[in-house]
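The values are calculated or read from the model by the stated rules, or taken from the named source; none is laboratory data. It should be emphasised that the depicted structure is a prediction, and the values quoted were computed from it without experimental measurement. FYI the Cβ positions are ideal-geometry reconstructions off the backbone, even for glycines, and counts take in every protein chain you see.
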Amino acid sequence: MSPSTITFRARSYFSKEVKVSPEALSALIDVQLKLPSHVTLVVTRGLEEISPCFRILHRVRRRLGALLFCFLYPKRKNEVPQIFGSNGHDVCGDHIDIDVLVDGRRITLLPLGVFTPLTLLRKRHKQYQKELALVYSELEKGGFTIHRNETEAAQIHCDFERHQ
Ligand SMILES: [Zn+2]
């Protein structure tokens with residue numbers, strides 16, 4: 001893989017495309033250029049324009065997911081709106097999710113998706129602490145705000161902040 005590339009790979013069940021606003025894309029390119037060549041960004045989710053019939057299916061899927069999450073993690077019920085909310089993906093292409101590749105290998109912080117226990121997430125995070133800290137730091141310097149929820153931050157949900 002050549003250095004300083006940004007890859008797009010749809011991770012959503014409902015969208016095969018990853019749509020990013022030109023402003024966020026431009027900022028992402030700047031971030032990628034500041035990262036060492038063995039660290040590559042992969043944009044997995046952006047704006048999702050879901051057709052009306054899929055929207056209902058999407059809502060049902062989210063509700064079922066939220067129910068399962070509450071069943072598995074009753075103490076984390078307060079995180080449900082953050083994890084199962086749209087987080088702006090239905091608004092515009094300034095809200096994106098990013099995977100990170102280190103030497104071409106994807107860092108998998110959430111092997112069980114949003115159902116990954118925090119202990120496992122933190123253990124995996126520790127393995128790539130240096131690279132992830134660098135990515136988070138460069139994204140923030142580049143105008144992105146990383147989601148405050150630990151699970152969302154692990155799938156690197158970030159919002160491009162437009163400054164007037
Ligand atoms: Zn997201």
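Structure notes:
Okay, residues lined up against (1) aromatic (Phe, Trp, Tyr); (2) within 15 Å of the chain's Cα centre (by Cα); (3) at pLDDT below 95; (4) buried (at least 18 other Cβ atoms within 10 Å of the Cβ):
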site	(1), (2), (3), (4)
85	no, yes, yes, no
95	no, yes, no, yes
122	no, no, no, no
132	no, yes, no, yes
142	no, no, no, yes
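- Residues that are within 30 Å of residue 26 (Cα to Cα) and loosely packed, with under 13 Cβ neighbours inside 10 Å, drawn from the stretch 73-83: 81
- Between 38, 58, the distinction of being more than 24 Å from residue 149 (Cα to Cα) and surrounded by 12 or more Cβ atoms within 10 Å (Cβ to Cβ) belongs to 38 only.
- Listing of helices (runs of 4 or more DSSP H) fully contained in the stretch 101-164 that carry 2 or more residues being touching a residue at least 24 places away in the same chain (Cβ under 8 Å), more than 16 Å from the ligand (Cβ to nearest atom) and within 14 Å of residue 31 (Cα to Cα): 129-141
- Within the span defined as the stretch 25-44, every residue fails to be under 14 Å from residue 91 (Cβ atoms) and out of contact with any helix residue (DSSP H, G or I) (no Cβ under 6 Å at 6 or more places or on another chain).
- Qualifying residue in the stretch 76-99 (condition: of a type in the set (Lys, Arg) and out of contact with any helix residue (DSSP H, G or I) (no Cβ under 8 Å at 6 or more places or on another chain)): no
- Scanning the stretch 61-72 for residues that are surrounded by 17 or more Cβ atoms within 10 Å (Cβ to Cβ) and in contact (Cβ under 8 Å) with a residue 24 or more places away in the chain turns up just one, 69.
- Of the residues 72, 33, the single one that is touching a Ser or Thr at 6+ places or on another chain (Cβ under 9 Å) and more than 16 Å from the ligand (Cβ to nearest atom) is 33.
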